Amino acid sequence: MNFIESPSAIIEFSRIYLAIFYSCVALFYTVKIIITQKNELVELVHSGERFSSTWWNHMTFRFFRASIWLICLSRVFYEGLDNYLIILTPLQAFPIILLGLILMTVGFSMTVVIHLSMGNKWRSGIDTAGPQQLITDGYFKRSRNPIFACIVVSQIGFFLALPSVFTLICLLIGVLMLHRQILSEEQHLTTLFANEYKTYATDVRRWF
């Protein structure tokens, strides 16, 4: 029996896929941060002053990212957990779940590609000592925030792959926190690069 004939089959497949997917996400960022900080001797994660706007953005995003990972892992061993997520049953259809898995995979894959293309220039949060120059080439020619845009695509995919009130809340809060972070970073870059960033912002879209 294939996925199309049995919706429960794609649901069970997605259950395993989500656990593996978010484990890979956690592994990627952990390894990247540890190795880069060790080799470059630089701090990559900048949450900002405690209780500041950027600090709350980071803490909220980290909380939901950790919650998503733990819940996806737990669902593999305890299917009854879905009852607490408030599954949106009408959306549990093969095409929707498949689209969600594809969006998640494409979004994260592009995030990895963009990370690698940036080399040691990537930072999480606002580094008050940088950046030394404005990045406007490569993927930044098409979007001022290509990594955040890919994260949003992946988050939309997560909602479709596991349609529920929980994933909808994660999506809405995730987009809100990313938008708040973007506004803070734009203010920082405008202070550093003044007219150069204003010109760049005029020519290139904030998101897609």
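Summary table
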{"quantity": "Near pairs, Cβ below 7 angstrom, 6+ apart or cross-chain, from segment 74-95 (under 14 Å from L168 (Cα atoms)) to any residue that is aromatic (F, W, Y) and surrounded by 14 or more Cβ atoms within 10 Å (Cβ to Cβ)", "calculated": "L85/F166; I86/F166"}
{"quantity": "Yes/no for F61 being modelled with pLDDT under 95, surrounded by 12 or more Cβ atoms within 10 Å (Cβ to Cβ) and of a type in the set (F, W, Y)", "calculated": "yes"}
{"quantity": "Any hit, segment 177-185, residues being closer than 30 Å to S8 by Cα and in contact (Cβ under 8 Å) with a residue 12 or more places away in the chain", "calculated": "no"}
{"quantity": "Segment 167-208: number of residues that are more than 21 Å from S53 (Cβ to Cβ), assigned to a loop (DSSP other than H, G, I, E, B) and not β-branched (V, I, T)", "calculated": "3"}
{"quantity": "Leading residue by the ranking (nearest to I87 (Cα to Cα)) among those in segment 134-162 that are buried (at least 20 other Cβ atoms within 10 Å of the Cβ) and of a type in the set (S, T, N, Q)", "calculated": "Q155"}
{"quantity": "Given (1) assigned to a helix (DSSP H, G or I); (2) at pLDDT 95 or above; (3) touching a Phe, Trp or Tyr at 6+ places or on another chain (Cβ under 9 Å); (4) not aliphatic (A, V, I, L, M), number of the condition S117 does not satisfy", "calculated": "(2)"}
{"quantity": "Residue that is part of a helix (DSSP H, G or I), surrounded by 14 or more Cβ atoms within 10 Å (Cβ to Cβ) and modelled with pLDDT of 95 or more, where the choices are I68, I20, I33, I11", "calculated": "I68"}
{"quantity": "Residues of segment 124-180 satisfying the condition of being among the hydroxyl-bearing types (S, T, Y), under 20 Å from A194 (Cα atoms) and modelled with pLDDT of 95 or more", "calculated": "S143"}
{"quantity": "Selection count, segment 71-80, where residues are surrounded by fewer than 17 Cβ atoms within 10 Å (Cβ to Cβ) and closer than 26 Å to L176 by Cα", "calculated": "1"}
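The values are calculated or read from the model by the stated rules, or taken from the named source; none is laboratory data. Only a predicted model underlies this, so the values are computations on that prediction, with no experimental measurement involved. Every residue, glycine among them, receives a Cβ derived from its backbone with ideal geometry; neighbour counts consider all protein chains shown.
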